[in-house]
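Colleague: This is the structure I have questions about; it appears just below.
The values are calculated or read from the model by the stated rules, or taken from the named source; none is laboratory data. This one's a predicted model, so the numbers in the text were calculated from it and none came from an experiment. Note that each Cβ is placed from the backbone with ideal geometry, even for glycine, and that neighbours are counted across all protein chains shown. SASA here: full protein model, heavy atoms, side chains in, ligands and nucleic acids out. Shrake-Rupley method; radii C 1.70, N 1.55, O 1.52, S 1.80 Å.
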Amino acid sequence: TQLLEQSPQFLSIQEGENLTVYCNSSSVFSSLQWYRQEPGEGPVLLVTVVTGGEVKKLKRLTFQFGDARKDSSLHITAAQPGDTGLYLCAGAVRGSTLGRLYFGRGTQLTVWP
Amino acid sequence: DTGVSQNPRHKITKRGQNVTFRCDPISEHNRLYWYRQTLGQGPEFLTYFQNEAQLEKSRLLSDRFSAERPKGSFSTLEIQRTEQGDSAMYLCASSLGGTSFSYEQYFGPGTRLTVT
C-alpha cells in the first residue's frame, strides 16, 4: 500500500490547457515535496511546502498543501510541451527525525503541441 | 555549486556478479540517502546516512546489499550475487540535516542497473 496516492497516473493534454495533479494520504506530513523527473534522470526538486494551507507559485505552477497536511495539489496553467515529464510528490512523515521521504507513484504528463 | 553525482550511469551485469555504485553528495550536505526506482513506481527508500553513521535501513535492503560512507563524504552501494529482480534505477540523494531545509533532498542522475 502506497503511503501517498497520486492521481491521475497518466495525463495527456494539448498545449494551453490547465491541469491539476493530486497527492493524497491518510498520514500527516511535516513537509511535502514535488519533483519532476525526465526519462533516465533523477528527480529534480520543484518545491517544498511545510505549513498547512500553504500555497506556493513557481511561474505557471501552483502548489498547495492541505490544511491538515495530509494532501497536496499541483496546478499547471497554460501547459507547454516543455512541461512534459513525470511529476512525483514525496513527503516526510510527521514525527520522523530522519527525513526519509515516501514517494507517490507519479503522474506522467504529456503536453502535445 | 556542483550537484549530486553518481557513477556509473549505466551498469549491465550477469546474474550472480557483484556490482558497486558510487555517490558523491553536495559537498556541505551531511545526510545521504539511497533509493531504488523500478518502472512505473516512485523511488523507494533503501538506507540513510548522517555523516558516516548508517542510521536506517529499509526491509528492501536484503543481506546481499551493503552501503558505506566511510568518511562522511562519498558513499558506495554494493550488491552481491545480483538477481534479475535487482534491475532498477538506483538513486542517491543528499540534504543538509539540522536545518529548516533538512527535508529538501537533492537527487543525482541515478545508476541504471540491468541484470541479465
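Colleague: If you go through the range A:41-48 one residue at a time, do you hit one that is within 30 Å of residue B:7 (Cα to Cα) and either more than 14 Å from chain B (Cβ to nearest Cβ) or over 14 Å from the mean Cα position of the chain (by Cα) (or both)? Break it down stepwise before answering.
Modeller: First, the residues of the range A:41-48 that are within 30 Å of residue B:7 (Cα to Cα): A:41-48.
Next cut, either more than 14 Å from chain B (Cβ to nearest Cβ) or over 14 Å from the mean Cα position of the chain (by Cα) (or both) only: A:41-42.
Within the range A:41-48, one or more residues are within 30 Å of residue B:7 (Cα to Cα) and either more than 14 Å from chain B (Cβ to nearest Cβ) or over 14 Å from the mean Cα position of the chain (by Cα) (or both).
Colleague: Please return the ranges of strands (runs of 3 or more DSSP E) entirely within the range A:29-113 where 1 or more residues are without any contact (Cβ under 8 Å) to a residue 60 or more places away in the chain.
Modeller: By residue number, A:29-37, A:44-49, A:55-58, A:61-65, A:71-76, A:85-93.
Colleague: Determine which member of the set B:96, B:60, B:55, B:91 is touching a strand residue (DSSP E or B) at 6+ places or on another chain (Cβ under 8 Å) and either at pLDDT 95 or above or on the phi > 0 side of the Ramachandran plot (or both).
Modeller: Details: B:96 fails: either at pLDDT 95 or above or on the phi > 0 side of the Ramachandran plot (or both); B:60 fails: either at pLDDT 95 or above or on the phi > 0 side of the Ramachandran plot (or both); B:55 fails: either at pLDDT 95 or above or on the phi > 0 side of the Ramachandran plot (or both).
Exactly one residue qualifies, and that residue is B:91.
Colleague: Being within 23 Å of residue B:116 (Cβ to Cβ), at pLDDT below 90 and within 15 Å of the chain's Cα centre (by Cα) is the requirement here; does residue B:46 meet it? Give the steps one after another, and end with the answer.
Modeller: On the way: within 23 Å of residue B:116 (Cβ to Cβ): yes; at pLDDT below 90: no; within 15 Å of the chain's Cα centre (by Cα): yes.
Judged against the criteria, residue B:46 is not a match.
Colleague: Give the number of residues within the range B:10-31 that are facing chain A (nearest Cβ under 10 Å), under 25 Å from residue B:83 (Cα atoms) and surrounded by 14 or more Cβ atoms within 10 Å (Cβ to Cβ).
Modeller: Step one: filter the range B:10-31 for residues facing chain A (nearest Cβ under 10 Å), giving B:10, B:31.
Within this subset, residues satisfying the condition of being under 25 Å from residue B:83 (Cα atoms) are B:10.
From what's left, surrounded by 14 or more Cβ atoms within 10 Å (Cβ to Cβ): none.
Number satisfying all stated conditions: 0.
Colleague: Also, quick follow-up: Could you grab me the full set of residues in the range A:1-26 that are outside any strand (DSSP E or B) and open to solvent by 30 Å² or more (accessible area, probe 1.4 Å)? Show your work before the answer.
Modeller: First, the residues of the range A:1-26 that are outside any strand (DSSP E or B): A:1-4, A:8-9, A:15-18, A:25-26.
Answer for the range A:1-26, where residues must be outside any strand (DSSP E or B) and open to solvent by 30 Å² or more (accessible area, probe 1.4 Å): A:1, A:2, A:3, A:8, A:9, A:15, A:16, A:17, A:18, A:26.
Colleague: Name the strands (runs of 3 or more DSSP E) wholly inside the range B:32-116 in which the number of residues that are within 19 Å of residue A:102 (Cβ to Cβ) and within 14 Å of chain A (Cβ to nearest Cβ) is 2 or more.
Modeller: Because the criterion is at least 2 residues that are within 19 Å of residue A:102 (Cβ to Cβ) and within 14 Å of chain A (Cβ to nearest Cβ), the strands (runs of 3 or more DSSP E) in the range B:32-116 that meet it are B:44-50, B:53-57, B:88-95.
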